[in-house]
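**Student:** The following block contains the structure, expressed as structure tokens.
No value in this document is a laboratory result; all are computed from the given coordinates. If you're wondering where the values come from, they're calculated on a predicted model, not measured in any experiment. When we count neighbours, we look across all protein chains shown, and the Cβ atoms used for this are built from the backbone with ideal geometry, even at glycine.
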């Protein structure tokens, strides 16, 4: 399970280890990477004063039908809080999906990837948003519940 930066790192790891993309990385980590799986939000490219310019707050997330994400959330639409400046580079999505990793949710009319999963894996889920903001003692957010359930199964 990957959250925010962990979601981004899961995509980078898949790019390196499954797609065999040399130097796959995030431009946040290595600005001149040959394969920028994760890149700065387009609207951030000209921002010089980064203070307060993150993508913040709740955003509507649309989930693909017949995905593990749909089973986890029992819905095709959720609202989740964000706090990030980097996102999945859409140039790599078709190659990811041809090789078994799907982006099972997006936002902003398909502009931003919000969830990734490997459907045939016991539990492989990454979310760009912050589910911890919706968890309370005794009432874990759905992704946490699904992770705990999968972890406890043999």
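**Student:** Using a Förster distance of 22 Å, how high is the FRET efficiency between residue 120 and residue 31, based on the Cβ-Cβ distance and rounded to 0.05?
**Tutor:** E(calc), rounded to 0.05, equals 0.05.
**Student:** Roughly what would the spin-label model give for residue 108 and residue 70, points 7 Å off Cα along C-beta, in nm?
**Tutor:** Modelled inter-label distance: 2.5 nm.
**Student:** Here's another thing I want to ask about it. Per residue of the chain, what 222 nm ellipticity follows from adding -39500 (n - 2.57) for every DSSP H run with n ≥ 4, rounded to the nearest 500?
**Tutor:** One gets -6500 deg cm²/dmol as the mean residue ellipticity at 222 nm.
**Student:** Rounded, prolate or oblate: which fits segment 107-154 when a ≥ b ≥ c are the square roots of the eigenvalues of the alpha-carbon gyration tensor, with rounded for a/c under 1.5 and prolate only if a/b beats b/c?
**Tutor:** Here segment 107-154 falls in the oblate category.
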